[in-house]
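The values are calculated or read from the model by the stated rules, or taken from the named source; none is laboratory data. Predicted model, so just to flag it, every value in this text is computed and none were measured. Reconstructed Cβ throughout: ideal geometry from the backbone, glycine too, with neighbour counts over all protein chains shown. Side chains are part of the model used for accessible areas, which takes the heavy atoms of the whole protein and leaves out ligands, DNA and RNA. Shrake-Rupley method; radii C 1.70, N 1.55, O 1.52, S 1.80 Å.
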Amino acid sequence: MPRAVIIGAGIAGTATAIGLTRAGWHVTVHERATHPETSGAALGMWPTAITALDQLGAGDAVRAVATPQHAGTVRRPDGTLLARLDTERITRHPGDHVRLIARRDLAHILGTALPAETIHHHSAVHGSADDIARGRVDTETDGAAPGREAGSPALADVVVVADGVFSAHRTALLGERYRARYTGQSALRGRVAVVTHEVSETWGPGRRFGVTPYLDGTTNWYASLDAPRGQRAAGGEVALLRGLFAGWHAPIGQVLEALTEDDVMRHDLYDVHPHLPTYVAGRAVLVGDAAHGMTPDLGRGACEAVVDAVTLTRCLTDAEGHLRAGGVDRALARYDRLRRRPTQRLQTLARGMGRVAHARRFTGARDLLLRVAR
Ligand SMILES: Cc1cc2nc3c(=O)[nH]c(=O)nc-3n(C[C@H](O)[C@H](O)[C@H](O)COP(=O)(O)OP(=O)(O)OC[C@H]3O[C@@H](n4cnc5c(N)ncnc54)[C@H](O)[C@@H]3O)c2cc1C
């Protein structure tokens, strides 16, 4: 039975584990954190990702708890319409909606689709980059001395590197220049008990605010602002938000009024730049944010992680679940060919979108262009 070791139990790692397990591989996932994801922050899953989740057998479970998103708009702070997102066009071809799901719900659905014992929490993978590229991994779980999993062969057929945007294994395998890069923007977000009816994103100089209708009459909201790395508001994030977005169109004021400090999560935004020259190093293969961490401006990072998982599984296994003829090298080269260009294009687009949304100069020309394009 072919064997895969996966580093990281985020969306990319667990989705890949499901794909390979269903294909008959022996899979172990090593996750540094002590327990599964519990954050209620929302993720937008695009139709291509829902289709990929269907291929992992998890699509219906996701549909059951996710909120479909209809008609979206981009507006100026005074509420003037700049652009309308044609959701009908997005759904027409794949026949599904963009759906909003709590991160912890997605993590739960993916985690419970795996046999018990697949994911080892509080577990770190050791080994030099050369070892990992040769498929040799030593692991340390719950602080025990590093060692090889009992009964496991000396070498894994594939080591899947799924340790996120700050991937230490990416830099070890490909070089220090591929560290995550701070974008100069910080994101604040959460969920609040206010009913809204429209998906909207509002662009102002150096900042933006978005709302999306969410579960049980609540609203998922997010804001982004230009800020130095690591900055936190001395007087509290709620006061900062109320100051920055004062006077912006409805329902932004209502959302801000209902916020408490506990409702606000803040993350600085990073992406992977420069683009990687390859997603493969020997038997090691990068998936998800480890390969193509991108800003959330298109809402595609987690979606692409799931598509990576399905594509990698398909490249590695034939219909019977056997390692494809031609072996691991050829399969990983094919994965690299299929996934690197499209995901790197999205990285570039997402970053560009973030810059345009936060523009401080030429906003009149930008807004006019958007209105004409609409
Ligand atoms: C504000 C914001 C909003 C977003 N909104 C969306 C959205 O609407 N739609 C969308 O598709 N995407 C969205 N994204 C992107 C999405 O969150 C990421 O693309 C996705 O989480 C990537 O999954 P991953 O598994 O590659 O990485 P992660 O989720 O980061 O998982 C990596 C895992 O690896 C573990 N790990 C790290 N190092 C090690 C190690 N050495 N050993 C073992 N384990 C390790 C970590 O603990 C973690 O569990 C958003 C991101 C942000 C910041």
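Of the residues A305, A291, A239, A250, which single one is more than 27 Å from G135 (Cβ to Cβ) and assigned to a helix (DSSP H, G or I)? Result of the check over A305, A291, A239, A250: A239. Within the range 243-257, the set of residues being surrounded by fewer than 19 Cβ atoms within 10 Å (Cβ to Cβ) and either within 30 Å of R181 (Cα to Cα) or of a type outside the set (D, E) (or both) comprises G243, L244, A246, G247, H249, A250, G253, Q254.
Remark: pairs (first residue in the range 107-127, under 16 Å from H35 (Cβ atoms); second residue assigned to a strand (DSSP E or B) and more than 14 Å from the ligand (Cβ to nearest atom); Cβ separation under 7 Å; 6+ apart in sequence or on different chains) = T118/V27. Going through (1) assigned to a strand (DSSP E or B); (2) near the ligand (Cβ under 10 Å from one of its atoms); (3) surrounded by fewer than 18 Cβ atoms within 10 Å (Cβ to Cβ) one by one, P36 falls short only on (1). If you go through the range 40-71 and keep only what is part of a loop (DSSP other than H, G, I, E, B), surrounded by 17 or more Cβ atoms within 10 Å (Cβ to Cβ) and away from the ligand (no atom under 11 Å from the Cβ), you end up with L56, A58, A66. Residue-level check: of (1) part of a helix (DSSP H, G or I); (2) surrounded by fewer than 15 Cβ atoms within 10 Å (Cβ to Cβ); (3) not charged (D, E, K, R), A234 misses just (1).
Of T260, T278, T218, which residue is more than 19 Å from A168 (Cβ to Cβ), of a type in the set (S, T, N, Q) and surrounded by 14 or more Cβ atoms within 10 Å (Cβ to Cβ)? After applying the criteria, what remains is T218. If you go through the range 281-322 and keep only what is hydrophobic (A, V, I, L, M, F, W, C), open to solvent by 30 Å² or more (accessible area, probe 1.4 Å) and closer than 27 Å to L155 by Cβ, you end up with just A319. Can you find even one residue in the range 8-24 that is away from the ligand (no atom under 14 Å from the Cβ) and buried (at least 22 other Cβ atoms within 10 Å of the Cβ)? The answer is yes, given that some residue of the range 8-24 is away from the ligand (no atom under 14 Å from the Cβ) and buried (at least 22 other Cβ atoms within 10 Å of the Cβ). Out of curiosity, is G151 crowded, with 20+ Cβ neighbours inside 10 Å and either part of a loop (DSSP other than H, G, I, E, B) or modelled with pLDDT of 95 or more (or both)? Answer is no for this residue. The set of residues in the range 109-136 being outside any loop (DSSP other than H, G, I, E, B) and surrounded by 15 or more Cβ atoms within 10 Å (Cβ to Cβ) consists of I109, L110, G111, I119, H120, S123, A124, V125, A129, D131, I132, A133.
Taken over the range 323-343, residues that are within 17 Å of L276 (Cβ to Cβ), more than 16 Å from the ligand (Cβ to nearest atom) and open to solvent by less than 30 Å² (accessible area, probe 1.4 Å) amount to 2. The set of residues from the range 265-288 being of a type in the set (A, V, I, L, M) and within 12 Å of the ligand (Cβ to nearest atom) comprises M265, L269, V272, L286, V287. Among the residues making up the range 155-176, those that are within 27 Å of M1 (Cβ to Cβ) and assigned to a helix (DSSP H, G or I) are H169, L173.
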